[in-house]
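> I have a structure I would like to understand better, so I am pasting it below and will then ask my questions one at a time.
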Amino acid sequence: MPGDKQTLYIDEPAAKVVRRIFNSVANGMQIVDVAKQLEADKVLIPSAYQEKYNPSQVATHSYYDPYQWSATTIGYILDRREYIGETVLGKTINENFKTKKRRKATADELMIFPDTHEAIVDKELFERVQKLRSRKKKKLPNGSYSHRLSVFVFCADCGNRMSLVSGKNIKYDSQNAFQCSKYKSRYAETCESHYIKVSALEHILASTLKKVAKFVLEDDEAFAEQLMEQWKINKENEGTEILQELKFVKKRIDELDNLIQNLYESQIKGMLPERQSKRLMIQYSEEQDKLIKRAHELEEVAPSGEHGKSDIIKFISLIKKYENFTEITDNMIYELIDRIIVYNATGRRTIYRQKK
């Protein structure tokens, strides 16, 4: 019937493999390890599975080993929004109609239609995996990897991400530290050092999470109430700027409506040359399109009490999940930490605060 959800063309055995891949990555397994595990368990790769069970849809034999999974294949599976019930169109853009050259569309250019068919992976699991993948450690020029906290540590004053500074080798020891990336910068306005040792930051993080876990287990309602108050304060400060910009954008959109209307009337009455009128019309329309898009973006991030409550409930459930932890795992960091704000040293001690 029209309006009913369609079923994504993937049978249950294949759907189980997809769910297995998502769950493995969500639980902290690296993509290369997932590939090795699937290969060890003799799970058919997609092209081999298709050739075996749907041979009429396969034109050529395109693989050497039917069980040889690659990180690229798994990455492709993890990126597919179709598995959460969405249809995605416009994945490539034709940049030149003469050469027919196409490029991959950006996230903003994709056309996404939700709830078009039955999902085989729930949205929460999908988003969790995307968050884990977006925060993977980056390679440094010497070929080694940065610290696991690198993507979370920010300067309290300039807002820039802090850099990992160390000796010749990048190791997770007490000699490594984070420092503001704009400290004594040659190419931009400089900032203070905001220096903090990695070992000290790890210790503060562990003790803070243990205190929070203890608080939650003793009285989760009081914790939720306190966190909600802090959330409101943060959102009020953040929301003031957002709402001010949104007000300005909407006012300008209305002004452009009037300008376009007056321009059209002036052209009809012959008061303005057609060439000039068209040029201004294009200019006003392009500006208005950008402002309408910006208004939608601002409305999505504007403060919402219900959104805050759902975030707090989810955070409490995650804390309870890790109530008896003995060491901080990468998975804990990715699930519980949004960012770590490092303030500059005052006196002989440095003040560290974490904002969630």
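The values are calculated or read from the model by the stated rules, or taken from the named source; none is laboratory data. In this text the structure is predicted, and so the values were computed from the model without any measurement. All Cβ positions, even for glycine, are placed from backbone atoms using ideal geometry, and neighbour counts span all protein chains on display.
> Tally up the residues in the stretch 242-270 that are among the charged types (D, E, K, R) and more than 38 Å from the chain's Cα centre (by Cα), please.
Residues that pass the stated criteria total 2.
For (1) in a helix (DSSP H, G or I); (2) exposed (fewer than 13 other Cβ atoms within 10 Å of the Cβ); (3) modelled with pLDDT of 80 or more, each residue gets a yes or a no:
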site	(1), (2), (3)
Q244	yes, yes, no
K250	yes, no, yes
N262	yes, yes, yes
M271	no, yes, no
Q276	yes, yes, no
M281	yes, no, yes
E287	yes, no, yes
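> Note down all Cβ pairs under 8 Å where the first residue falls in the stretch 217-229 and is over 20 Å from F325 (Cβ atoms), the second is assigned to a helix (DSSP H, G or I) and hydrophobic (A, V, I, L, M, F, W, C), and they're at least six residues apart or on different chains.
Partner pairs satisfying both residue conditions: A222/F215; A224/I312; A224/I313; A224/I316; M228/I312.
> S207 - would you say it is more than 30 Å from I84 (Cβ to Cβ) and either modelled with pLDDT of 85 or more or not in a loop (DSSP other than H, G, I, E, B) (or both)? I'd like the intermediate steps shown before the answer.
On the way: more than 30 Å from I84 (Cβ to Cβ): yes; either modelled with pLDDT of 85 or more or not in a loop (DSSP other than H, G, I, E, B) (or both): yes.
Yes.
> I've got another one for you. Is it fair to say E202 is more than 24 Å from H147 (Cβ to Cβ) and either surrounded by fewer than 15 Cβ atoms within 10 Å (Cβ to Cβ) or at pLDDT 75 or above (or both)?
no
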